[in-house]
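So the structure is just underneath, and the comments pick up after that.
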Amino acid sequence: MKAGLRIGLVGPLPPPSGGMANQTLQLAGLLREEHVEVELIQVNRPYRPGWIGRFKGIRAGFRLLSYVSQLWLSAGRVQLFHVMANSGWSWHLFAAPAIWIARLRGKPVIINYRGGEADSFFDKAFSWVKPSLSRANAIIVPSGFLEGVFGKRGFSASIVPNIIDLSRFGAGMRSDTSTVEAGPDSPHIIVTRNLEPIYDNETALRAFHIVRRSFPAAKLTLAGSGPERHTLEQLAFALGIGGAVTFTGRVDNEGMAAIYRSASVMLNPSLADNMPISILEALASGVPVVSTNVGGVPYLVEHEKNALLVPARDPQAMANAVLRLLNDAARTRRLIEAGMECVQRYTWPNVRVPLFRVYEQVLAAPDRSC
């Protein structure tokens, strides 16, 4: 990639910490290390003035006006836009305006689409999405799952995986990598997804309740925030496991790394998913994973090779998988080692090659502006 490249990177930034926000921030830093000039266009900028945030309708308008203005000015300075895109209103409010402004200003735009709900979103709204999407110069996705979602609608997408930071999430950072292998009496099970319906933390609680019958001293940590916290806390006490469950609330990146270092097993109970960075973080940290086999997860990990996959909304199956890990040290060690090998393909040296190839192709292509 030639020196002096100027990219407008459009996406959310922490706080709160989350998959796409963390990926946006991480990508910006890595590109800058490659001597790429990165101009961040943040879709979740704080409200200015701050009191606007108290008024839902007004605050959305203020944020949108500020965002569109920033897009327009940035388009005059950068060579291309790289847009971190998602489903739902996020597409309509943030991705689509970025595409149209880039086209109006004669700048190429790459859509980096994420989110396990893409298929259902497109089923409902593709007639609205297609006009904007058709004006993107390239589409990149982090998994074969999303490649297929776009392919069946006539759009070609290139796979550029998510990036895992092994300096933060690595098995060498664990205080005791032998905890699971030794078959502990008090395993620490974690869930690192937000407390939202799509992540089905209820199933994780019910699975943990079953695991406690065999491991009465087991602990569960739900590391995330969201609207379901109160309901989940009530369920935990109704199941008689309230004292064994910790709700951490929002956790920053360093805090999340510490949680992985203390974990025996990580659960991913989501109902829809693409390529959850939380699974990569767990694997990189030497933590065995039990996940639902939804969406793009089977493209990310292989059942019985580097993770255990179970049906969604099946607490018994999830609990059985956890118990297999806790009771079979040799199997668990094989999964951990295979998982650590698997995440190497998601390190920056491996991800930068397909990403820079897309940048070069887009910049070399004939102008397609309106």
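Selection among 203, 92, 248 by position relative to the dipole of the chain gives 92 as farthest towards the positive end (Cβ unit charges, Cα centre). Working value for the chain: equivalent-ellipsoid semi-axes of 38, 23, 19 Å, each the square root of 5 times a Cα gyration tensor eigenvalue, largest first.
About its Cα centre, the stretch 171-345 has a charge dipole of approximately 260 debye under the convention of +1 per Lys or Arg Cβ and -1 per Asp or Glu Cβ, with nothing else charged. Put simply, the Cα atoms of the stretch 171-345 extend 39, 34, 31 Å along their principal axes, the longest span coming first. Exposure proxy for 299, 113: other Cβ atoms within 10 Å of each Cβ, ordered fewest to most, give 299, 113.
In summary, the aspartates and glutamates within cross-link reach of residue 130, defined as a Cα separation below 18 angstrom excluding same-chain residues under 8 places away, comprise 117, 119, 147. Placing +1 on the Cβ of every Lys and Arg and -1 on the Cβ of every Asp and Glu, with nothing else charged, gives the chain a dipole about its Cα centre of roughly 1140 debye.
Placing +1 on the Cβ of every Lys and Arg and -1 on the Cβ of every Asp and Glu, with nothing else charged, gives the stretch 326-369 a dipole about its Cα centre of roughly 80 debye. Centre-to-centre, using Cα atoms only, the stretch 339-354 and the stretch 267-307 are separated by 16 Å.
Sorting the segments 134-145, 322-333 by their residues' average number of neighbouring beta-carbon atoms within 10 angstrom, most packed first, yields 134-145, 322-333. When the Cα positions of 226, 260, 317 are compared along the charge dipole of the stretch 171-345, 317 comes out farthest toward the positive end, with charges on each C-beta of Lys, Arg, Asp and Glu. Helix 19-33 and the longest principal axis of the Cα set of the chain meet at an angle near 60°.
With one equal scatterer per alpha carbon and no solvent term, the Debye-computed log10 I(q)/I(0) for the stretch 79-151 at 0.12, 0.13, 0.17, 0.21 1/Å reads -0.28, -0.33, -0.56, -0.86. Toward the positive end of the charge dipole of the chain, about the Cα centre and with charges on Cβ (Lys, Arg +1; Asp, Glu -1), which of 150, 350, 169 goes farthest? The residue sitting farthest along the positive end of the dipole is 150.
Extension gain, residue 330-residue 361: 0.36 nm per intervening residue step, less the Cα-Cα distance, totals 6.5 nm.
Read-outs throughout are calculated quantities, based only on the coordinates presented, and are distinct from any laboratory measurement. Here the structure is a predicted model, which is why all the values come from computation and not from measurement. Because the Cβ atoms are built from the backbone with ideal geometry, glycine has one as well, and the counts that use them run over all protein chains shown.
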